[in-house]
1. Count, please, the residues in the stretch 76-106 that happen to be of a type in the set (Gly, Ala, Ser) and either part of a strand (DSSP E or B) or in contact with a Pro (Cβ under 7 Å, 6 or more places away or on another chain) (or both).
2. In the set Ser5, Ser23, which member is of a type outside the set (Lys, Arg), farther than 26 Å from Thr195 by Cα and loosely packed, with under 13 Cβ neighbours inside 10 Å?
3. Is it the case that the stretch 52-71 has a residue that's open to solvent by 70 Å² or more (accessible area, probe 1.4 Å) and assigned to a strand (DSSP E or B)?
4. Do we have any residue at all in the stretch 153-160 that's over 19 Å from Ser23 (Cα atoms) and in a helix (DSSP H, G or I)?
5. For the stretch 108-126, which positions are of a type in the set (A, V, I, L, M) and either within 10 Å of the chain's Cα centre (by Cα) or more than 8 Å from the ligand (Cβ to nearest atom) (or both)?
6. Picking from Phe36, Phe12, which residue would you name as being in contact (Cβ under 8 Å) with a residue 24 or more places away in the chain, loosely packed, with under 12 Cβ neighbours inside 10 Å, in a loop (DSSP other than H, G, I, E, B) and of a type outside the set (Lys, Arg)?
Amino acid sequence: MAELSIGENETFDYIVGAGGIHSAVRECANIAYPGFDLKEKWSIADVENWPYSKTFTLTQMKPGLVAVSVPIGENRFRFVSSCENALEAFPLPLKIHKVRREGVFKISVRQAESFSKGRIHLVGDAAHCRTPVGGRGMNQGIADAVELAKRMAGNQMDGYSEFRHREDKKVIAIIECGRKIVTAKTLVARMEFNTVLAAAKYYHLLREDSAGLL
Ligand SMILES: Cc1cc2nc3c(=O)[nH]c(=O)nc-3n(C[C@H](O)[C@H](O)[C@H](O)COP(=O)(O)OP(=O)(O)OC[C@H]3O[C@@H](n4cnc5c(N)ncnc54)[C@H](O)[C@@H]3O)c2cc1C
């Protein structure tokens with residue numbers, strides 16, 4: 001039985017916590033959300049008509065500071081940086097026509113101890129949160145929801161938590177590895193970063209070659 005905030009009680013087959021990082025369902029169910037918070041603030045800006053690059057651009061300026069621009073639609077670009085002003089962080093003169101939104105945010109890296117408790121299940125940021133490196137948050141949430149829906153339809157809820165916890169943990173570990181590399185301050189780590197960039201370039205060429213062969 002669920003007690004609703006409007007003061008009524010109701011019974012459901014399942015309750016799905018999809019309320020994001022501060023999920024009330026997770027908190028009411030007393031499911032721990034262990035992890036850590038990054039000290040620095042990050043920032044985001046969505047802009048129109050940035051003339052420089054139509055592709056994903058990643059720059060690492062002074063040690064620890066990273067800035068990326070990602071095309072997200074027709075004439076729309078998203079800037080994200082590990083500092084408080086994503087636009088100022090970018091090492092190019094920006095002639096931006098319109099800033100559609102800007103924001104500063106804190107980042108937590110956390111995962112619910114369990115994604116299920118009885119007939120209560122968690123999906124998306126209610127179950128896990130991570131840095132924006134790799135832009136995987138939404139995908140992870142959708143993957144949780146698809147798995148949950150499939151299991152609900154087949155009445156096979158056992159194992160949902162274990163399966164999605166394991167999968168999301170792997171993704172978060174990769175994202176954390178990427179975050180540590182791109183925001184690294186030591187010389188060795190910065191060299192690793194450059195190696196990753198070089199490898200990414202090679203992989204891209206390889207993919208084009210493969211596509212040409214197919
Ligand atoms: C600045 C920023 C940039 C990001 N960029 C990307 C990106 O480029 N790519 C990507 O994949 N991910 C990105 N993410 C992550 C992505 O936004 C999240 O992973 C995703 O939105 C999580 O979806 P969700 O539905 O689980 O939670 P949310 O998007 O947080 O949605 C939860 C919803 O539940 C509602 N809610 C909360 N509590 C209650 C309640 N008690 N009753 C009723 N409703 C409630 C909220 O109002 C909200 O609408 C970004 C995140 C941030 C902060």
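1. 2
2. Checking each option against the conditions leaves just Ser5.
3. Within the stretch 52-71, not a single residue is open to solvent by 70 Å² or more (accessible area, probe 1.4 Å) and assigned to a strand (DSSP E or B).
4. yes
5. Val109, Ala112, Ile120, Leu122
6. Phe12
The values are calculated or read from the model by the stated rules, or taken from the named source; none is laboratory data. Being a predicted model, the structure only gives us computed values, none of them experimental. Cβ: placed from backbone, ideal geometry, glycine included. Neighbour counts: every protein chain shown. Surface accessibility is based on the protein's heavy atoms, side chains included, excluding ligands, DNA and RNA. Shrake-Rupley method; radii C 1.70, N 1.55, O 1.52, S 1.80 Å.
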